[in-house]
Amino acid sequence: MSYFSIRARLIFLAILLLAILSATIALLTRELSRDSEALSGEARLVTVVRSADDANKHFGDLKYWLTDFASNLVPASEHNAEAAKAQLDVDLQTIAPVDPQGAAKIQRDLNALWELVEKAAEAYYSRDDSAGGKALMADAQSHVTSVNNEIDEIVGHVEQEALARRDAEVTGAKRAVDLSIAGGILAFILALGVTALIVRSISAPLRRLELSMNAITKGRLDVSIPNPTRDEIGGMTRALTMLRDSLIESHRLDQERQRAEADTRRAQTQLREAIEAISEGFACYDAEDRLVICNSRYKELYAGAAVEIKPGTQYETILRAAVASGVLPVPPENREAWLAERCARHRNPKGSFEQQRTSGVWLKVSERHTEDRGIAAVFTDITELKDRELELGQLVDRLAEAREAADKANRTKSTFLANMSHELRTPLNAIIGYSEMLLEDATDRGDTASAGDLEKIQAAGKHLLGLINDILDLSKIEAGRMEVYLEQVPLARLVDEVKTIVEPMMKKNVNKLAINCPPEIGALQTDLTKLKQSIINLLSNAAKFTKEGTVTLRLSRHQRDDIPWVKFEVVDSGIGMTEEQMGRLFQAFTQADSSTTRNFGGTGLGLTITRHFCVMLGGTIDVKSVPGQGSTFIVQLPDRASKAVLDEEDLDAHRPAVG
């Protein structure tokens, strides 16, 4: 029922009651119409009974006048007989619809009777045949008897039918009354039930809704509300639900507002305590430059100024009082200009600045805008920092003097090493040359003992010469006398030359050299000597620290910042290095650790010089290594290297990455 609106239900009830009333009226109308038809039929039967009685009477008259006419031949009797017969014919026409066969039979008997009477009259008077007349009259008497019987039968039949119809109509009328009463009672009960159902479908939800509304009015927002239906009461239910939800939301918002106000009060208290606890002076001004809040430290900074620092005081008032009382060291002739500039900077802060007070205290003033266009200012005491800056400046000056002296000593050392290395190489070249000559003579004589000693002298001389060359190169680099000579270097030919040089080194530890150089690698504009020496240094190191393994030289090209670069990778399967060892790898005269020097030898200059060469050529050198799994050195050079010699600061900027 709740699926339909109240209006639809009331319309349905009205239509139902109207339909019940219409059905009852139609039933009564039908029964009354039936009773009316029955009464009309009964009236017709009464008319027929009367006609039958009239026919009986008229037939009696007809018999009398026929008998009189037959006996006396009086014309008046014949005329009266004809009149009686005419009336009897009319009566038979009335009876015919009720009993057409009986009426037809009477009509035949009458015709036969009339014919016999006429014959009997003719026999009496025309032929004087009284016997024949009597015989004919005797025959006519049988027709009279037959007509009497027929009329009696018709009268009896009509009377019985009239009585039967009367009884049937009485029964029908009683049944119609009973049916009308029963139908009215049923219609009343149905209408009452439907009315009660519809009224209950409206009143019960309204009652439940009323209870919910009363509970909500009393503040019980947790009361249950009936489920909304599709009718008007459902609309009221939804509206009540929205009202309850809005009240609940309002109550929740009110609670949140109270909690927010409490949190705000706590936050304000905590803010005041926090502002008071900080060692710096803090103040906050509103958009009209009036003091909103400050801490005690801020007030202490203006101690001695003839002004009360409290909320609502203009910043310019405080500033003027501080200048007038001498808290801020501003000459009298510059006060107005200084005040105007300071107030303008206060209203439009441009970062922090330093300020010195008359007491000698240095303050760092940091001001910035707040969201409401106010100003938040922090005053930090930096007096101790300024004192340390003074001391640090003095220390920096002393350190600069010491560095200049150290640089001078380093240049002197490099010059000495360069000169000493040159003086040492001349006799060493002579020793190596004479050892080669003596080795050839000993070989020609077959003096194997002397040849072995001479080979050792020659190897020691070459080793010492290489060491001196490395020292000389390093000295030139540190002295700033190492230059870069650019030329087009075919990389494939460079790799072949390097391979020829390092193959003997590989065979010493039974290592295999693998070359991966694409045919289309092309050429590189760089310093051929420095590049070749760098690659040889890396391959010789790999050969020295790898035993019965593989050393791979791999070349490739790539783009970086729209400039073509060439990458050289030297990969070995040797002993590898730890993070700590790689951190010391490119330091001069330093190897991974002391055990490396004992086991493998070397001065530790090769990688240092290689790093310097890579930086001078505008490139980088990186290393990746895992202990026990080998190392990978990566050299990357641009296709156009700068000819300028980099100083030590540039070298520091190009320190290699390890990992």
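The values are calculated or read from the model by the stated rules, or taken from the named source; none is laboratory data. As the structure is a computational prediction, the values presented were derived from the model and not from experiment. Please note: Cβ atoms are built from the backbone with ideal geometry, for glycine as well, and neighbour counts cover all protein chains shown.
Scan region 503-544 for residues that are touching a strand residue (DSSP E or B) at 6+ places or on another chain (Cβ under 7 Å) and either under 21 Å from residue 630 (Cβ atoms) or aromatic (Phe, Trp, Tyr) (or both) and report the count.
Total meeting the criteria: 15.
Does residue 273 count as modelled with pLDDT of 85 or more and surrounded by fewer than 17 Cβ atoms within 10 Å (Cβ to Cβ)?
Answer is no for this residue.
Quick one: which of 217, 237, 229, 241 is at pLDDT 80 or above and surrounded by 12 or more Cβ atoms within 10 Å (Cβ to Cβ)?
241
In region 302-319, is there at least one residue being basic (Lys, Arg), within 30 Å of residue 344 (Cβ to Cβ), at pLDDT 85 or above and touching a helix residue (DSSP H, G or I) at 6+ places or on another chain (Cβ under 7 Å)?
Taking every residue of region 302-319 in turn, none turns out to be basic (Lys, Arg), within 30 Å of residue 344 (Cβ to Cβ), at pLDDT 85 or above and touching a helix residue (DSSP H, G or I) at 6+ places or on another chain (Cβ under 7 Å).
Does residue 197 count as closer than 25 Å to residue 22 by Cβ, of a type in the set (A, V, I, L, M, F, W, C), part of a helix (DSSP H, G or I) and out of contact with any Ser or Thr (no Cβ under 7 Å at 6 or more places or on another chain)?
Criteria met by residue 197.
Could you run through region 358-394 and say how many residues are of a type in the set (Asp, Glu) and closer than 20 Å to residue 290 by Cβ?
Adding up the residues that qualify gives 3.
So that you can scan it fast, the table gives a plain yes or no per residue for (1) assigned by TED's automatic domain parsing to the domain that holds residue 86; (2) at pLDDT below 70; (3) more than 16 Å from residue 86 (Cα to Cα); (4) over 60 Å from the mean Cα position of the chain (by Cα):
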position	(1), (2), (3), (4)
96	yes, no, no, yes
99	yes, no, yes, yes
106	yes, no, no, yes
111	yes, no, no, yes
124	yes, yes, yes, yes
132	yes, yes, yes, yes
138	yes, yes, yes, yes
152	yes, no, yes, yes
156	yes, no, yes, yes
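For region 326-382, which positions are surrounded by 12 or more Cβ atoms within 10 Å (Cβ to Cβ), over 57 Å from the mean Cα position of the chain (by Cα) and in a loop (DSSP other than H, G, I, E, B)?
326, 327, 328, 329, 330, 357, 358, 359, 361
Out of everything in region 96-111 that is among the hydrophobic types (A, V, I, L, M, F, W, C) and in contact with a His (Cβ under 9 Å, 6 or more places away or on another chain), what residue ends up being nearest to residue 148 (Cα to Cα)?
Filtering first and then ranking leaves 110.
Across region 554-575, which residue is nearest to the chain's Cα centre (by Cα) among those that are crowded, with 19+ Cβ neighbours inside 10 Å and part of a loop (DSSP other than H, G, I, E, B)?
Once the filter is applied, the top-ranked residue is 573.
Looking only at residues in region 344-361 that are over 21 Å from residue 304 (Cβ atoms) and of a type in the set (S, T, N, Q), which one is modelled with the lowest pLDDT?
Filtering first and then ranking leaves 352.
Among the numbered criteria (1) surrounded by fewer than 16 Cβ atoms within 10 Å (Cβ to Cβ); (2) more than 29 Å from residue 19 (Cβ to Cβ); (3) among the basic types (Lys, Arg); (4) in the same structural domain as residue 10 (by TED's automatic domain parsing), which one does residue 175 miss?
Unmet condition: (2).
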